[in-house]
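Just below is one structure, and these are the notes that go with it.
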Amino acid sequence: MKGITFGEPQYLYFLLIVPAIIAFYMLKQHKASASLRMPGLQAFATAGNSFRNYLRYILFAARVIAISLLILILARPQATNVLQDVTTEGIDIVLTLDISGSMLARDFRPDRLEASKNVVTEFISGRPYDRMGLVVSAYNRPCCSDQSYA
């Protein structure tokens, strides 16, 4: 069990109950006998146990396994690998992307918007340790107005 730790190892003490359950079951099965004995059954006493006689223990075995697994689950097993402390420094970057109608001009292939998306994707993939933010703006000015907007 190399590399396995338990988050709550105190629950593993409950596994001591499992042998007690098995011992109680075996003791109960050993004492089980018919209360009414009939003459003429001695011939069956020498007959061997068949496979069907052992099938009755499957349900008990399944219960014991289920109880054991539940106890292990309560203990919260955790796999650990090689631990490394990695310190990286990054910066916060906020990108602004214009998606107004002027970005649909065809001076780049296929248009300005797709070209800027490609540039932004390439920029972001080259900065693995930085935190990125994206602001999308679409400011469309009225085309025929002499008023200035502030």
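Annotations for the structure displayed:
- Looking only at the stretch 41-78, and only at residues there that are modelled with pLDDT of 80 or more, part of a helix (DSSP H, G or I) and among the basic types (Lys, Arg), the one that is surrounded by the fewest Cβ atoms within 10 Å (Cβ to Cβ): Arg56
- Residue within the stretch 105-117 that is over 30 Å from Phe6 (Cβ atoms), outside the structural domain of Glu8 (by TED's automatic domain parsing) and in contact (Cβ under 8 Å) with a residue 40 or more places away in the chain present: no
- Within the stretch 4-34, if we keep just the residues that are in a loop (DSSP other than H, G, I, E, B) and not polar (S, T, N, Q), the residue that is nearest to the chain's Cα centre (by Cα) turns out to be Gly7.
Conditions tested, residue by residue: (1) in a helix (DSSP H, G or I); (2) of a type in the set (D, E, K, R).
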site	(1), (2)
Leu83	no, no
Thr87	no, no
Leu95	no, no
Asp107	no, yes
Ala115	yes, no
Phe123	yes, no
Arg127	no, yes
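- For Val120, the test of being exposed (fewer than 13 other Cβ atoms within 10 Å of the Cβ), on the phi < 0 side of the Ramachandran plot and at pLDDT 85 or above is failed.
The values are calculated or read from the model by the stated rules, or taken from the named source; none is laboratory data. These figures come from a predicted structure and were not determined experimentally. Note that each Cβ is placed from the backbone with ideal geometry, even for glycine, and that neighbours are counted across all protein chains shown.
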